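Worksheet: the structure to be examined is printed underneath.
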Amino acid sequence: MPTHCRAASRPALRPVLWLGLALALAGPAAAADAAPELLAWRLVPGRELRYRFTSDQLSHQQLEGRQFTTRQLHSLVWTMRVQELEAPEGPAIVRLRYDAVKVELDLMSTGRLRWDSTDPEDLKRQKDPTIRPYAALVGGELGFAMRPDGSVLEGSLVGLAAIRERVLQELGDGPFARHTLGVALSDAAVRSELERAFRVLPPEPAAPGASWRHRVVRPVPVLGGLAFDQDFRLAAFEQGPAGRLARIELVSAIAPAPGALPPPEPTPQDAFLQALAVEFQGGGGQGEVLFSLDAGCLLRSTLRSRMKLASRIGEPVASADGPGATRVATEVEQTITVELLP
């Protein structure tokens, strides 16, 4: 992992998380009694940064007395280029490109799938029906306005609709898959992922021991949405091999946010979606952030979280028309990592 930020030497979903299966250094030399400092992204026009965003998720499910474990790994390589500043200390217009996509799936519904857009052999399979939605992401570009604290202005995303349309065209007609993928690539969902990745800094100058909170709300199919209350604590300023950095601790509490996503309209084709009910039963996580004070950019962040869900498919009680509902208990373990690339 790079220990400093620099301009990239070259330019730089299906990040869809199925519901129930899915909902991504320097040696310490801490300074004592450090004075407060302003932590901020250095958003200079022309600057490029490349990041790898990885979500690795295990879902442990209990279904009709049997236990299953499924895995979903989605890894995206982004190149971010600062195009212009709206004001000297204000938001910057950032262009983001999906340079690479890697997926590793072991699911009950689709079986095992591996694909990496950087592997020449895998590229020969990019026209396969199961691969096309992922391949459609590669090369996609979107723009947004980002503040020096890493927050993304609401309503500022441009270009995402074209990416979403291209991916959905490759997906086929399955209503449940189209709904979940459409939500995962919605403006609100992508903005929430960008903020979870990059909005890690305090709103004012801070010294070690300072704490602050950011809330991010992410739309989630069927549940409506989840709110991530992220409590940060500045653990230390440290001197590393490539300069000064801030080490930040993170604790995340997860709670339902029902209003984040309206329920889908019933159609004759989406009987499964309409029969599915999911209850969120708690969750939380913790992690760490390393931010370069000298270069003004994220070096690495890691968040490990757990969530519990209870799902019901079908009618709640047996009737003359059917045996009643199928119930599934799910515990999700997810690790999200964002790391600077050379």
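So, counting K/R as plus one and D/E as minus one, what does the shell of residues with Cβ under 11 Å around R196 add up to? With Lys, Arg at +1 and Asp, Glu at -1, the neighbours total +2. Pairs of C-alpha atoms in the stretch 48-340 farther apart than 26 Å represent 50 percent of all such pairs.
Coordinate-derived values only; no laboratory data. Here the structure is a predicted model, which means the values were calculated and not measured. All Cβ positions, glycine included, derive from the backbone under ideal geometry; neighbour counts span all protein chains shown.
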